[in-house]
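**Q** Dumping the structure here so I can ask a few things about it.
The values are calculated or read from the model by the stated rules, or taken from the named source; none is laboratory data. Since this is a predicted model, take the numbers as computed values, not measurements. Note that each Cβ is placed from the backbone with ideal geometry, even for glycine, and that neighbours are counted across all protein chains shown. Ligands, DNA and RNA are excluded from the accessible area calculation, which covers all protein heavy atoms including side chains. Shrake-Rupley method; radii C 1.70, N 1.55, O 1.52, S 1.80 Å.
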Amino acid sequence: MTTLTKDQVRLSRRMSLVLRHRPETAGLTLDTGGWVPVDTFLTALRISRAELDAVVAFNDKSRFAVATGADGVERIRASQGHSRRVEVDLDLPPADPPPTLYHGTPRENLTSIMRDGLRPRSRHHVHLSVDVPTALKVGGRRSADVVVLSVTAATMAAGGHVFHCSDNGVWLTSVVPPEHLSVKRTNP
Ligand code: HQG
């Protein structure tokens, strides 16, 4: 099986909501790293271990990570994408980005982005993609009229901007000033 069933997509969305945005809707609190013990999570969401494993293993973007702590407790967290209102520090090490990263956004945002730069909005970080197709997909979540911006990431890093790479390959940084942005392509 390589794609999720409808029920699994629904569960994946619920897991994203709980692990990134609103843990309290399941009666949960995340630890400082964003982790919840797997057993607690299963009970709170009233799902089986097999249901959880299927979503984690086959999630198209590896949104969730499961790991066993030094205390032997198995925990789950979202790899990235947390709301700012959820106080989480993923503790990702700084990393050297590739020369260019990409960001897809609805065209209607362009004027404001070129004036103010890319801002994290409701999230902890600005999210950047490693290639144009991924950026088109991210922007396409919100609009059919997508602009892909190039980000001079290595130049930014050389200038002191800190980058992190999430467990699922999304590049994160605090802000991208307009001078590091240019329009790569538009779709359509
Ligand atoms: C825009 C998905 C106007 C920004 C994806 C974006 C990603 C501005 C929106 C992850 C702006 C924020 C994140 C400015 C930024 N003026 N608009 N100055 N600065 N924006 O959802 O990057 O499917 O918070 O361009 O794959 O779209 O959830 O960020 O359009 O990794 O796993 O403000 O969400 O992952 O939107 O997406 P978001 P995003 P999942």
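**Q** For region 166-180, enumerate the residues that are among the aliphatic types (A, V, I, L, M) and either open to solvent by 20 Å² or more (accessible area, probe 1.4 Å) or not assigned by TED's automatic domain parsing to the domain that holds ARG121 (or both).
**A** Passing the criteria: VAL170, VAL175.
**Q** Here is a follow-up. Regarding SER129, is this residue of a type in the set (Gly, Ala, Ser), modelled with pLDDT under 95 and either surrounded by 14 or more Cβ atoms within 10 Å (Cβ to Cβ) or in contact with a strand residue (DSSP E or B) (Cβ under 7 Å, 6 or more places away or on another chain) (or both)?
**A** no
**Q** Let me ask you something else. Being closer than 11 Å to HIS103 by Cα, in a strand (DSSP E or B) and touching a residue at least 40 places away in the same chain (Cβ under 8 Å) is the requirement here; does SER182 meet it?
**A** no
**Q** Determine which member of the set ASP31, ASP53, ASP7 is among the acidic types (Asp, Glu) and not in a helix (DSSP H, G or I).
**A** Selected residue: ASP31, the only one of ASP31, ASP53, ASP7 that is among the acidic types (Asp, Glu) and not in a helix (DSSP H, G or I).
**Q** Would you pick out the residues in region 1-24 that are open to solvent by 70 Å² or more (accessible area, probe 1.4 Å) and either within 20 Å of HIS82 (Cα to Cα) or of a type in the set (D, E, K, R) (or both)?
**A** Within region 1-24, LYS6, ASP7, ARG10, ARG13, ARG14, ARG22, GLU24 meet the criteria.
**Q** Across region 107-125, which residue is least open to solvent (accessible area, probe 1.4 Å) among those that are more than 6 Å from the ligand (Cβ to nearest atom) and more than 17 Å from SER174 (Cα to Cα)?
**A** Within region 107-125, the match that is least open to solvent (accessible area, probe 1.4 Å) is LEU110.
**Q** Hey, any hits in region 58-65 for a residue that's open to solvent by less than 30 Å² (accessible area, probe 1.4 Å), outside any helix (DSSP H, G or I) and in contact with a Leu (Cβ under 6 Å, 6 or more places away or on another chain)?
**A** no
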